[in-house]
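Below is one structure; the comments refer to it alone.
The numbers here are math on the coordinates, done by the rules we state, and not lab data. Fair warning: this is a prediction, and the values are worked out from it, not measured in the lab. Neighbour counts are summed over all protein chains in view; Cβ atoms, including those assigned to glycine, are modelled from backbone coordinates with ideal geometry.
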């Protein structure tokens, strides 16, 4: 059974947007704490503090927060574009 391509793309966008909104801030915190150290050690900064700040900036329509949240989908689009260019080139 074929699915509507728009519906499929909407599901992909929703899943990747949810990943960027809910999982990515905690992953960034973990990688940052392993490589750099504690997030805002003087302000009792933890993973939830970073996530709340990203979520707040997202609601305030800060471009960096929107870029971060939408980055998983942007990576997928870059992979698709690269693949299409590669396949077109090899034909």
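Here are a few things to note about the model shown:
- Cα-based shape type of the chain, given that a ≥ b ≥ c are square roots of the gyration tensor eigenvalues and the cut on a/c is 1.5: prolate
- GNM top mover of 79, 13, 69 - the chain, alpha-carbon springs below 10 Å: 79
- Calculated mean residue ellipticity at 222 nm for the chain: -24500 deg cm²/dmol, from DSSP H runs with n ≥ 4 weighted as -39500 (n - 2.57), summed, divided by the residue count and rounded to 500.
- Inter-site label distance for residue 8 and residue 56 at 7 Å from Cα along Cβ, in nm: 4.2 nm
- Exposure proxy shown here: for 90, 70, the number of other Cβ atoms within 10 Å sets the order, fewest to most, as 90, 70.
- The calculated FRET efficiency for residue 85 paired with residue 49, based on their beta-carbon distance and R0 = 41 Å, is about 0.50.
- Listed residues 16, 68, 48, most fluctuating in the chain (Gaussian network, C-alpha, under 10 Å): 48
- Computed over the chain with a Gaussian network model linking Cα atoms closer than 10 Å, the most mobile of 63, 72, 25 is 63.
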